[in-house]
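Quick note: the coordinates plus some simple rules give every number you see, no bench work behind them. All values reported here derive from a predicted model rather than from experimental measurement. Here the Cβ is made from the backbone with ideal geometry for all residues, glycine too, and neighbour counts use every protein chain on show.
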Amino acid sequence: MQYMLLIYQNEAGMAQAREQDITEMMGAYGAYTKAMQDAGVLVGGDRLDRSANGTTVRTENGKTKVLNGPYAEAKEQLGGYYIIEAKDLDAALSWAARCPNAQYGVMEVRPILAM
Amino acid sequence: MAAAGDATGRAVEAAARHSYGKLVAYLAARTGDVAGAEDSLSEAFAAALAAWPEQGIPRAPEAWLLAVARRKSIDRARRRRTHQHAGTVLLMLAEEITAHGDSDAAIPDERLRLMFVCAHPAIEEAARAPLILQAVLGLDAAAIASAFLVSPATMGQRLVRAKRKISAAGIPFRLPERDELPERLDAVLDAIYAAFAAGWADPAGTVARSRHFADEAIWLGRLVVMLQPDAPEALGLLALMLHAEARRAARRDEDGEFVPLDEQDVSRWDAGLIDEAETILRRASAMGTIGRFQLEAAVQSAHAVRRRTGRADWLAILELYDALLRLTQSPVVAINRAVAISELHGPRAALVALDAVAGDPRLAEYQPYWAARAGMSALAGERAAADDAYLRAIGLEADPAVRRFLQKRRGA
């Protein structure tokens, strides 16, 4: 099965992080991504820019409305994702637990529906 | 199934009772889909009702049902036409070829793995125990709902959601690792106890199905103890169930009337089961980690003392309920604790203790609360309050024998 690991993190907290901590975290992410590649589970993934750089769009009564900012205001924001191939939920959960973000924020594991 | 009153109907019903959980577990372990396994199995039962009157009851009914249900599951998986299900189809086709259709013994028992799937942390907590009852014992949502004090509609939705999640999220059928065991085991033990309580509600065992729940619960309890011999709470639960089971025969008199615990004839208690329960409880307490089920079992042990001394050890019972109340905050424990207070310090002190939990909305429709209140009010000489509480208890009781008992008390 394929699962998406959604990385939710506190952007305000991240913005205040020390340079050294950021460097350390990026190193951890690099090692984590490589581990998933080596295990043959990694399908894809990306980092996302800050939610302040997001824009929402919807159509109401035939008119397109564009709004500045993310869809939902919350303590944690979606900051990136991985898509992995795992044999079951427990395997996906154990990869999610290894993500550096599990230490700072929240990981959500969602099954991807086969089209 | 209940409509078929003939021999075939009875054979199908017997097969349903004995094989339900085993067959659901077997099918679901292969497809990862509990709801689909249940559907396949109910189609197989329907097929049995149609085929057995003409062909006769097969020598191995379980294997017959499994063959039909497996075929239905293969069809179900094929219809989905996804990559994931192709593997399932191949696996089950292979098993179909090698299956021994003439033997029930060859079907592997996957019930424990199914229980741990139901107790997985990814499943909503309130759904875990009900899910085990439904998938392993075949209890319907309404029966489970009454055991858990929620509405049947709520319980039905909860079960549907949980089963959908098992297959959609890909929760694996495997036994937990050592480090995940304590949390998962708690949920499994809770469910086994709830199953036992559902069977216990029919003390005469007149309804074959609910008598079966108590037997199955004890069987499940033994299975967990066998697989996890060093889990004290698993031992505690088994001891608790055996103590209660030992008193089953004494709960009815010759006329089938209800006999409350303190009036039971101790010679009708099953000494063998009590001894087994005591041995198991000693094994548990030697491990040095106390828990809810061990405390409950110890309460039963203090009641069993009446065999030798003529009186239950109420002082010990009150202390045990004090500890249980600290541990669980359960209103049901508070009621039992009040009963012990009544024995030791009189009905007025007990009523004060009951008043402390009277505000809990769950108790408004809970028969034992009103029965306890009624008995204590009567002892305290408060006739109007006793009469009112008896009336509420009678109105909430489903067992006719217990209802008659309460009506007699009310009239006394």
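General remarks:
- Modelled label positions at residue B:175 and residue B:109, each set 7 Å beyond Cα in the direction of Cβ, lie 1.3 nm from each other.
- On Cα atoms only, tilt of B:125-137 relative to the major axis of chain B in degrees: 70
- Each of A:64, B:328, B:88 was scored by other Cβ atoms within 10 Å of its Cβ. Listed from fewest to most, they are A:64, B:328, B:88.
- Debye log10 I(q)/I(0) at q = 0.07, 0.08, 0.11 Å⁻¹ for chain B, Cα point scatterers: -0.38, -0.49, -0.90
- For residue A:80, the residues 5 or more places off, or on other chains, whose built amide H falls under 5 Å of its own are A:7, A:48.
- C-alpha long axis of helix B:314-328 to longest principal axis of chain B, angle in °: 50
- Globularity ratio of the range B:334-392, using Cα Rg and 2.2 N^0.38 Å: 0.99
- Packing-based order for A:4-14, B:14-24, B:131-141, using average beta carbon neighbours within 10 Å, highest first: B:131-141, B:14-24, A:4-14
- Sequence-separation-based contact order of the range B:1-107, relative, with Cα cut under 8 Å and 6+ spacing, percent: 27
- In angstrom, the C-alpha Rg and Dmax of the protein assembly as shown are 27.9, 85.
- Projected area, mean over directions - the range A:1-104, Cα convex hull, nm²: 8.2
- Mean projected area of the Cα convex hull of the range B:155-201, taken over all directions, amounts to 4.4 nm².
- Intensity falloff of the range B:256-412 expressed as log10 I(q)/I(0), Debye formula with alpha-carbon point scatterers, at q = 0.15, 0.16 Å⁻¹: -0.90, -1.01
- Averaged over the residues of B:164-170, the number of partner chain Cβ atoms lying within 10 Å of the residue Cβ comes to 4.
- Per residue, the average separation of C-alpha pairs within less than 8 Å and at least 6 apart gives chain B a relative contact order of 10 percent.
- Using the Karplus relation 6.51 cos²θ - 1.76 cosθ + 1.60 with θ = phi - 60°, the per-residue 3J(HN,Hα) values for the range A:84-95 come to 10, 9, 9, 6, 7, 4, 4, 5, 5, 5, 6, 5 Hz, with x marking Gly and Pro.
- When each of B:22/B:165; B:22/B:163; B:72/B:165; A:65/B:165; A:34/B:165; A:87/B:165 is checked by Cα-Cα distance, pairs over 25 Å: A:65/B:165; A:34/B:165
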